[in-house]
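Okay, structure first, notes after.
Each value in this text was obtained by applying a stated rule to the coordinates, not by laboratory testing. Remember, it's a predicted structure, so these values are computed and weren't measured experimentally. With ideal geometry, Cβ positions are generated from the backbone for all residues, glycine too; neighbour counts draw on all protein chains shown.
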2 protein chains.
Amino acid sequence: MSRYETYLREHRDRHLAELKDFLRIPSVSALSAHRPDVERAARWVADAMQAAGLEHVEVLPTGGHPVVYADWLHAPGRPTALVYGHYDVQPVDPEHLWVTPPFEPDVRDGKLYARGASDDKGQVFLHIKAVETLLRVDGALPLNLRFLVEGEEEIGSRHLPAFVEAHRDRLRADVAVISDTTFFARGVPAITTGLRGLAALEITVRGARGDLHSGLYGGAVQNPLHALVELLAGLRGPDGRIRVEGFYDRVRPVPEEERRQWAALPHDDARLVAELGVPALFGEAGYTTLERLWARPTLELNGVWGGFTGEGTKTVLPAEAHAKITCRLVPDQEPEEILDRLEAHLRTHLPPGVTLEVRREPGGARAVLTPHDHPAVQAARQALREAYGVEPVLVRMGGSIPVAETFATVLGLPVVLLGFGLPEENFHAPNEHFHLENFDGGLRTLCAYWPLLARGAL
Amino acid sequence: MSRYETYLREHRDRHLAELKDFLRIPSVSALSAHRPDVERAARWVADAMQAAGLEHVEVLPTGGHPVVYADWLHAPGRPTALVYGHYDVQPVDPEHLWVTPPFEPDVRDGKLYARGASDDKGQVFLHIKAVETLLRVDGALPLNLRFLVEGEEEIGSRHLPAFVEAHRDRLRADVAVISDTTFFARGVPAITTGLRGLAALEITVRGARGDLHSGLYGGAVQNPLHALVELLAGLRGPDGRIRVEGFYDRVRPVPEEERRQWAALPHDDARLVAELGVPALFGEAGYTTLERLWARPTLELNGVWGGFTGEGTKTVLPAEAHAKITCRLVPDQEPEEILDRLEAHLRTHLPPGVTLEVRREPGGARAVLTPHDHPAVQAARQALREAYGVEPVLVRMGGSIPVAETFATVLGLPVVLLGFGLPEENFHAPNEHFHLENFDGGLRTLCAYWPLLARGAL
């Protein structure tokens, strides 16, 4: 047993009690009534960082909830890692479905139940306690660390990009480490090396000045709803491929080695079908489900509306019809370029008799991808292997994590997503929990990770 | 000048005063607060019929507002006409846009302004006064007449089909004459010989059990919105033709003679474009606008909805997507058969990965068509010619009039739509009015029509 493990064992009860204190603060960022609680959680984090031995601890204002910053920079010549997490949590409703109240932490069957236990207070806490452990045991950290813990992740990290821009210098690092993700499955530790990006727009198709009666005008004018469905249907072929010209131009093929690794993962299409309740899966021909989710771009209709939607029949030809479209992007697609191409396609293929308005939505993001052979990825792999005694997997995620894209784009950092949650831990739902096996495993991993990362050639 | 005209001239002031009395009753069928007014209007009609010399006058209950019945059946061996109209009116809002209050009739520039002046109290009144004139002048009518004046036309004639079914015997006739339509344009009297029918359904496309996150699942499952737009887009070709198999099987070609007549009508596509504010007209290739509106079936999307429709972006794959579809039908399309074919098409072409629910809406109706050479049409033509001194036109309407279909289907009657409104008279809108030239012309027409119809071989 390493000296870190001995320390962790000796202090486990205290650590767990402290985490429970943290979880008792109802820091729901979405609800203004909880603003004082969010403040209190920021302070709690700052105090815990200070107690652990981090320096320059500050609660920094943003346009919204504050960011907690801290660092330890006494390892000249060694790499610097920027650790990110968030202290805010999701709302708790429907509250009556919680077995124990969301802000009264409770341990049952080796799991710690509370809002934020897994997402993300538990994981932020692991990082603080790993620092405490290394400093208490060794008297110093093996590398330089900076912490950025925000309070607006659950409301879209609204003010973070501006904050990062404004504090570039303070955030200088060699790698960003984010612990806000999950294992691939229980017992299958994972490092996430890729995220998809996003581009969004809303379109409006317009016909006559006002709604028309289908008896008086039906057949003689274009119906904006019909024009819209034609336009939208044309965006994708029956093979699931996006038909927007140039959409795939910059898309990198999935490396053969990664395809092989993903094919070996314990993923089961039939189980996914049952879980979602769909009659069958559907996606771009020529790719597996994981490839479609992780390495292929998509174009999705998130909302379509127009005309009469009430009960019964109204024989109306509506004046307008609308759609919201988002694209999930992969490396090296550029959000603005994709929107250019999409808009050009829509304008070219607009059916006759209507006009088109296209409005780009803010919030576009590039995909994030860190190479498997990056030293920070390899060090994480080794740390998980040591802490769990199994071979971790390297995966990607189909979603976007805006902060990861901010770190990659604004700070130019490689991003390692080293998370300790499990997919079944009900984040964003009632009865969120955190498996204590990963409370311990996470601490062991981080205590192994920083020394390994310090020795790696970053 | 005929003896009828002399009588009409002598009694014009009284007639107009009586019509104003009728128009003062706010018989808005849609608003329960006006229920007593609707009752009052029914009684008013009954009293006016009695005073005119009609017999067996009755205010008959329905499940909703009552029907007023009356007859005059002393012309054995002569044809019987069933006259239909309605005494209920549309709501008046926005009331502040009325120049004079909607239920305070006012004559300005030769037009009588009031809610119901044109639609349909004014036209019902013409029929009652034509009977009065013929009976006062001749002592008898030249044919048998039955009157059915309802109080629910503006709320969809909900109880009329059942009423007609229940009173088949009392409504026996050779022809139905409906005065609730308009001239083709001012100075262009028209007889409407055809109406389109209607068939309606609502569909729901379902994917997963609940909404999904497009980052976590986008690309791996079918998006119900995408499946829906593909399905809907496939219903129509770029040439505007409906692609549902068998949709056109029973559609009669437009007779060459009718096409020629319609082509000669004072219709202007450019004016329609300007009026509606559309960039261009659009419709089935190979047909003129009037042919598309009057003699070709359509398939229209009246409502499409699903997913997120609020402000901004929500990266959701909705669990469901919906559409409301109606078809305007022409002779001899059968509503149920069309829905069978449409449903079969939808099921056959459903994209993979989703399920489909189809719900047929009530309110289907067959098209109505009365041949140009029918004696009741020819008599109406002659009557209009005599009354107005111009050649009337024979037209169709793209909409449906449920009562016309009821008379045609339930009673097996040919239907003549002989209306005296003008398209610009703001029915259903503020400042509804009736041109007094057609108050006089309508009375002249009806006084000429019944004798002509009596002599025609019905």
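Which residues' amide hydrogens lie under 5 Å from the amide hydrogen of B:Val393, considering only partners 5 or more residues apart or on another chain, with H built in the peptide plane?
B:Ala190, B:Ile191
How big is the charge dipole of the protein assembly as shown about its Cα centre, in debye rounded to the nearest 20, if each Lys and Arg gets +1 on its Cβ and each Asp and Glu gets -1 on its Cβ?
820
May I ask you to derive the FRET efficiency for B:His267 and B:Arg172 from their Cβ-Cβ distance with R0 = 35 Å, giving the value to the nearest 0.05?
About 0.35, to the nearest 0.05.
Using the Karplus curve 6.51 cos²θ - 1.76 cosθ + 1.60 with θ = phi - 60°, work out ³J(HN,Hα) for each residue of segment A:235-247 in order, rounded to whole Hz, and write x for Gly and Pro.
Calculated HN-Hα couplings, in order: 6, 9, x, x, 7, x, 7, 6, 9, 5, 4, x, 4 Hz.
Using +1 on the beta carbon of Lys and Arg, -1 on that of Asp and Glu, and nothing else charged, what's the dipole of segment B:98-177 about the Cα centre, debye to 20?
Here segment B:98-177 has a charge dipole of around 180 debye.
If r is the Cβ-Cβ distance from A:Arg136 to A:Thr348 and R0 is 56 Å, what FRET efficiency results, to the nearest 0.05?
The value I calculate is 0.30.
Search the structure for amide H atoms under 5 Å from the amide H of B:Val107, placed 1.01 Å from N in the peptide plane, and list their residues when 5 or more places away or on another chain.
Answer set, sorted by chain and number: B:Tyr113.
Determine one quarter of the surface area of the Cα convex hull of segment B:316-388, which equals its mean projected area, and express it in nm² to one decimal.
8.8
Would you mind giving the three semi-axes, in whole Å and largest first, of the ellipsoid equivalent to segment A:43-197 according to its Cα gyration tensor?
Listed largest to smallest, the semi-axes of segment A:43-197 are 27, 20, 17 Å.
How far is the Cα center of segment B:295-313 from the Cα center of segment B:50-114, in Å?
38
Over 40 Å, how big is the tail of the calculated P(r) for the protein assembly as shown, in percent of all Cα pairs?
The answer is 53 percent, as a whole percent.
Can you work out D for segment B:217-287 in µm² s⁻¹ from Stokes-Einstein, where Rh is the Kirkwood radius over C-alpha pairs, the temperature is 4 °C and the viscosity is 1.567 mPa s?
It diffuses with D of about 81 µm²/s by this estimate.
Quick check: the angle from helix A:12-23's long axis to the longest principal axis of chain A, C-alpha only, nearest 10 degrees?
Value to nearest ten degrees: 40.
So, with +1 on the Cβ of K and R and -1 on the Cβ of D and E, and no other charges, what is the size of the charge dipole of segment A:269-374 about its Cα centre, to the nearest 20 debye?
Computed about the Cα centre, the dipole is about 260 debye.
Could you tally the net charge around A:Asp174, taking each other residue with its Cβ under 13 Å from the Cβ of A:Asp174, Lys/Arg +1 and Asp/Glu -1?
The answer is +3.
Once the Cα gyration tensor of chain A is found, what semi-axes does its equivalent ellipsoid get, as square roots of 5 times the eigenvalues, in whole Å, sorted largest first?
In descending order the semi-axes read 44, 24, 22 Å.
Given N residues in segment B:347-458, what is its alpha carbon radius of gyration divided by 2.2 N^0.38 Å?
Dividing the Cα Rg of segment B:347-458 by 2.2 N^0.38 Å gives 1.52.
Report the normalised scattering of segment B:271-426 as log10 I(q)/I(0) at q = 0.14, 0.15, 0.19, 0.21 Å⁻¹, calculated by the Debye formula with identical scatterers on the alpha carbons.
Result of the Debye calculation: -0.98, -1.07, -1.37, -1.45.
Distance between the C-alpha centers of segment B:398-458 and segment B:152-177? Whole Å please.
Centre-to-centre distance over Cα atoms comes out at 16 Å.
Rounded to whole Å and sorted largest first, list the principal axis extents of the Cα atoms in segment A:139-269.
Projected onto its principal axes, the Cα set of segment A:139-269 covers 85, 42, 31 Å.
Given H placed 1.01 Å from N in the peptide plane, which residues other than close sequence neighbours of A:Phe147 have an amide H under 5 Å from its amide H?
Counting only residues 5 or more places away or on other chains, the set is A:Ala70, A:Asp71, A:Val83.
Report, please, the projected area of segment B:81-138 averaged over directions, based on the convex hull of its C-alpha atoms, in nm².
Result: 5.3 nm².
Which angle from 0 to 90°, rounded to the nearest 10, does the C-alpha axis of helix A:121-138 make with the longest principal axis of chain A?
30
Using Cα-Cα distances under 8 Å and only pairs 6 or more residues apart, what relative contact order does segment A:148-264 have, in percent?
Once normalised by length, the contact order is 9 percent.
With r defined as the distance between the Cβ atoms of A:His96 and A:Glu337 and R0 fixed at 51 Å, what FRET efficiency is calculated, to the nearest 0.05?
0.60
In Å³ and rounded to a whole number, note down the convex hull volume per residue for the Cα atoms of segment A:258-323.
In segment A:258-323, the Cα convex hull volume per residue is 142 Å³.
Taking beta carbons within 10 Å but only from partner chains, what does the mean come to for residues A:324-332?
If you average over the peptide's residues, the count of other-chain Cβ atoms is 3.
Within segment A:150-171, name every residue whose backbone N is under 12 Å away from a label modeled 7 Å from Cα of A:His56 along the Cβ vector.
Backbone N within reach: A:167-171.
Per residue and in Å³, how big is the convex hull formed by the alpha-carbon atoms of segment B:1-128?
Roughly 124 Å³ of hull volume per residue.
Excluding residues fewer than 8 places away in the same chain, name every one of the lysines whose C-alpha is closer than 22 Å to that of A:Lys314.
Filter leaves B:Lys324.
Please express the Cα-Cα pair-distance distribution P(r) of segment B:377-429 as a list of whole percents, one per 10 Å bin, running from 0 to the bin with the greatest distance.
19, 42, 34, 5
Under a crude label model (7 Å from the Cα following the beta-carbon direction), how far is B:Ala185 from B:Thr409 in nanometres?
Label at B:Ala185, label at B:Thr409, 3.5 nm between them.
To the nearest 10 degrees, how steeply does helix A:35-52 sit against the main Cα axis of chain A, on a 0 to 90 scale?
40
Would you mind calculating the relative contact order of segment B:370-458 from Cα pairs under 8 angstrom and at least 6 residues apart, reporting the percent as a whole number?
Computed value for segment B:370-458: 43 percent relative contact order.
What lysines sit close enough to B:Lys111 to cross-link, taking a C-alpha to C-alpha distance under 25 Å and skipping anything fewer than 8 places away on the same chain?
B:Lys20, B:Lys121, B:Lys129
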